[in-house]
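Presented below is the structure to which this report refers.
Nothing in this text is a laboratory measurement; each read-out follows from the coordinates by a stated rule. Since the model is a prediction, treat every value here as computed from it, not as a measurement. All Cβ positions, even for glycine, are placed from backbone atoms using ideal geometry, and neighbour counts span all protein chains on display.
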Amino acid sequence: MDHGTVIEATKAVVTLDVALPGIIWGWMITLNMWAKSIGTGVILVGAFLLYRHKKEDMPNLRWLMPLISFIALNVFLLFTLVDLHQPLRMVNIFLHPHWTSAITVGAWMASLFTGLVTLMALIGALDQFPDCRRHCGIAKAVRAKSGLYEKIFPFVVFLAIPVTLYTAVIMAQSSARELWAAPAELVQMLMAAFMVGSATLLLIAEKWSAEARKDLAMVLALSVFFSFLMYMGEYFFSYKASEIEATIAYVHSGGSYNLQFWAAMVLGYIIPFFIAMGSLREENRTMMKFAAVTTIIGLYLAKSTWLEIPQMIPLS
């Protein structure tokens, strides 16, 4: 090796020789998952209601359900894009897809899901507002009476399940983050969709039949109960895995996330459960709307806590 080569070799610059400190997945990813739960949840719960009841019992569901989903899904996609360091490179997911990647598969499914929901929202709006159908040029191509809505809906419901679950797979692939175990996260993602799906629909259910609102209360009560049960299982029985135990210490008494965690549990799970159970016996619309709002807020706080605390543990 000559002298010149030695000089060049010593000019190497170290740009990063330690793990990234602090929280990398912050509020943007929390908002991403929260909005996705709303976007998929209203479809899943709406499908359950349409199976159980006549559409006349829920006069605004056919167009508000896909409209709410459309808005929430675009918030989800927007903040997914904003969080990327090179957002323009996202086009490669579609031009040069790698089907072994959960991100690629999820992006394709979410895009297809959003496209079908958009079409459903359009058909539902044309059906809800006949004057628009008569004067809107696009109505010639998409008519509410054509039955296209009913043909699309089963595919939308089918896609809602993997779209709401695939984030759990991505989280489970993160190395040294044992709290994000795939089986538990899959169930939590599904419960989150049913929680905020039923809560969101409760806010627009003023003119629905009492039986439909009762079913919403039942879905809300069951979903918050089982989700809360899983959180308590992690909280009290995490001692068998040292990394999970160290992570949960952040929400145990005296931990830095203790107040946020229990605020999430009270707002998102405990209050809605007791109000919904009471409403099954004797309906109180005002209290149910209050429970719906606390559920939506509580889920955001729970998602934020569960996303951030594993990132507080050093990887080295």
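A compact table of results
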read-out: Two-decimal Rg to Rh for segment 215-299 - Kirkwood Rh, Cα set; value: 1.08
read-out: Spin-label model distance (nm) - M287 vs S111, 7 Å beyond Cα toward Cβ; value: 4.8
read-out: Inter-part distance where segment 229-296 and segment 29-104 are each reduced to a Cα centre, Å; value: 24
read-out: Cα-projected label distance for L203 with H98, points at 7 Å along beta-carbon direction, nm; value: 3.8
read-out: Estimated FRET transfer efficiency when R0 is 35 angstrom, pair W262-N74 (beta carbons, to 0.05); value: 0.60
read-out: At q = 0.12, 0.14, 0.19, 0.22 Å⁻¹, base-10 log of I(q)/I(0) for segment 175-316 (Debye sum, equal scatterers on each alpha carbon); value: -0.50, -0.64, -1.01, -1.25
read-out: Over 27 Å (Cα to Cα) - which of K55/K289; K54/K303; K151/K303; K151/K289; K55/K214 fall in this group; value: K54/K303; K151/K303; K151/K289
read-out: Distance in nm between pseudo-label sites at M312 and I270 (7 Å out along the Cβ direction from Cα); value: 2.0
read-out: Hydrodynamic radius (Kirkwood) for segment 24-312, which is based on Cα pairs only, to one decimal in Å; value: 19.9
read-out: Summed residue charge, Cβ within 11 Å of T167's Cβ, Lys/Arg positive, Asp/Glu negative; value: +1
